[in-house]
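Enquirer: A single structure is presented below for examination.
What follows is calculated from the coordinates using simple rules that are stated; it is not laboratory data. The structure displayed is predicted, hence computed values, not measured ones. Backbone-built Cβ (ideal geometry, glycine too); neighbour counts: all protein chains shown.
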Amino acid sequence: MKKEFICIVCPRGCRVVVDGDDISGNQCKRGIDYVKAEMTAPKRVLTTTVKTIFSEWPRVSVKTDKPLPKELLFKAMSDINKVIIDKPLDIGEVVIYNLCNTDVNLILTKSLKGVQK
Ligand code: SF4
């Protein structure tokens, strides 16, 4: 059965077609690795926001430091929505370690240094 994927490894966004053992449309080997991973264990970097106690920045942007298994994204969002940051963390600091019992951490992508309560 033929399946199509858009490779998201780089901005080219190649349309990669998998037909049995044939893989075509990729412009580099990373596209092959990407579709193989998508067909077996798809993962995504999760980007979202977290609540804070700071009125100046009531929500702050975060992302996972590595891709998370796709099937854990809803559970991860449920855990993330329970968090309220109460310290002026810096960019790159960990908000949640081992998200969903994986080795993936949730990190801040914006600095809260100097923010007022
Ligand atoms: S196949 Fe290669 S060139 Fe095409 S989007 Fe993927 S990484 Fe980029």
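Enquirer: Return the FRET efficiency for the residue pair Ala41, Val17: r is the Cβ-Cβ distance, R0 is 30 Å, and the value is rounded to the nearest 0.05.
Expert: 0.90
Enquirer: In the neighborhood of Asp19, defined by Cβ-to-Cβ distances under 12 Å, what is the net charge if each Lys or Arg adds +1 and each Asp or Glu adds -1?
Expert: It works out to a net charge of -1.
Enquirer: Let me ask something additional. Could you calculate the contour length gain from Lys2 to Asp90, that is, 0.36 nm times the residue separation minus the distance between their Cα atoms, to one decimal place in nm?
Expert: Roughly 27.1 nm would be gained on extension.
Enquirer: Still on this structure, please answer the following. What is the chain's relative contact order, in percent, from Cα pairs under 8 angstrom and six or more apart in sequence?
Expert: In percent, rounded to a whole number, it is 20.
Enquirer: Quick check on the chain: helices-only [θ] at 222 nm, where DSSP H runs of length 4 and up contribute -39,500 (n - 2.57) each and the sum goes over total residues. Nearest 500, please.
Expert: That comes out to -5000 deg cm²/dmol.
Enquirer: Report Rg (one decimal) and Dmax (nearest whole number) for the chain, counting Cα atoms only, units Å.
Expert: Rg and Dmax of the chain, Cα atoms, are 18.0, 58 Å.
Enquirer: Using a Förster distance of 41 Å, how high is the FRET efficiency between Thr109 and Cys28, based on the Cβ-Cβ distance and rounded to 0.05?
Expert: With a Förster radius of 41 Å, E is 0.90.
Enquirer: How far is helix 29-40 tilted, in degrees, relative to the longest principal axis of the Cα atoms in the chain, given as a value from 0 to 90 rounded to the nearest 10?
Expert: It is inclined by approximately 80 degrees.
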